[in-house]
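Below is one structure; the comments refer to it alone.
The values are calculated or read from the model by the stated rules, or taken from the named source; none is laboratory data. Given the structure is predicted, the values throughout are model-derived calculations rather than measurements. Note: ideal-geometry Cβ built from the backbone for every residue, glycine included; neighbour counts use all protein chains shown. Surface accessibility is based on the protein's heavy atoms, side chains included, excluding ligands, DNA and RNA. Shrake-Rupley method; radii C 1.70, N 1.55, O 1.52, S 1.80 Å.
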Amino acid sequence: KQEVTQIPAALSVPEGENLVLNCSFTDSAIYNLQWFRQDPGKGLTSLLLIQSSQREQTSGRLNASLDKSSGRSTLYIAASQPGDSATYLCAVVYGNNRLAFGKGNQVVVIP
Amino acid sequence: DVKVTQSSRYLVKRTGEKVFLECVQDMDHENMFWYRQDPGLGLRLIYFSYDVKMKEKGDIPEGYSVSREKKERFSLILESASTNQTSMYLCASRPHRGNSPLHFGNGTRLTVT
């Protein structure tokens, strides 16, 4: 069974610092990995999707890398802002169209 | 842009009531999912459907059923609501292609009293 882990569960950073969030998965046979953002009481908003054949994806201040062989993905958020405060989740698609989610990193950016 | 719409943002129901949560997507996606999200437990899959009238149990189907009569609509039914079903419910959809993104609705916060 695929297991996805995100550590730490919560972190705080000062505004302007770069954020580095990690996601690890146990089975490297994935189709893709997706990073989401979730604000309190809201649904999940897709940030980046990395296909299994890709090494990274970029969107504005966000960059996500994927190392399938080691079962890891990293989400970088450059020059963090208070508006980046949210919970960030990663999810992998594997097997027969199955999905597995991490429990998320709750991020607070301190002004 | 893909839109996944959940009919209610907040619902308050009484124990024993039958509850319907509706989800509609506008992109002809084959796959639709119902999750519940609880603090410390993350997202847990209740049911999913990969085609009209097709459904499969997820990890926690007990106390729930689903209906998919049309491709765009996936309904979650709580046959007899209980207080331990108080939760955030999230609907999602994606095409069947393995490399396609998942899209979520805004969630329904259900409180059972």
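When the range A:1-31 is filtered for residues that are β-branched (Val, Ile, Thr) and in a loop (DSSP other than H, G, I, E, B), the ones remaining, listed by number, are A:ILE7, A:THR26. Pairing each residue of the range A:64-81 that is under 13 Å from A:VAL107 (Cα atoms) with any residue that is exposed (fewer than 15 other Cβ atoms within 10 Å of the Cβ) and among the aliphatic types (A, V, I, L, M), provided the two are 6+ apart or on different chains, yields C-beta distances under 6 Å for A:TYR76/A:VAL20. Scanning the range A:61-90 for residues that are within 14 Å of chain B (Cβ to nearest Cβ), assigned to a strand (DSSP E or B) and over 20 Å from A:GLN38 (Cβ atoms) yields a single hit, A:LEU66.
Among the residues of the range A:55-77, those identified as open to solvent by 40 Å² or more (accessible area, probe 1.4 Å) and either farther than 25 Å from A:LYS1 by Cβ or among the basic types (Lys, Arg) (or both) are A:ARG55, A:GLU56, A:GLN57, A:THR58, A:SER59, A:GLY60, A:ARG61, A:LYS68, A:ARG72, A:TYR76.
Apart from one condition, B:MET27 fits all of (1) within 10 Å of chain A (Cβ to nearest Cβ); (2) hydrophobic (A, V, I, L, M, F, W, C); (3) surrounded by fewer than 16 Cβ atoms within 10 Å (Cβ to Cβ); the exception is (1). How about the range B:66-84: which of its residues are free of Cβ contacts under 8 Å to residues at least 40 places away in the same chain and closer than 19 Å to B:ASP38 by Cα? Passing the criteria: only B:ASN84.
Please verify whether the range A:29-36 includes one or more residues that are open to solvent by 10 Å² or more (accessible area, probe 1.4 Å) and at positive phi. Scanning the range A:29-36 turns up no residue that is open to solvent by 10 Å² or more (accessible area, probe 1.4 Å) and at positive phi. The residues in the range B:61-107 that are farther than 24 Å from B:ASP51 by Cβ and part of a strand (DSSP E or B) can be counted, and the count is 2.
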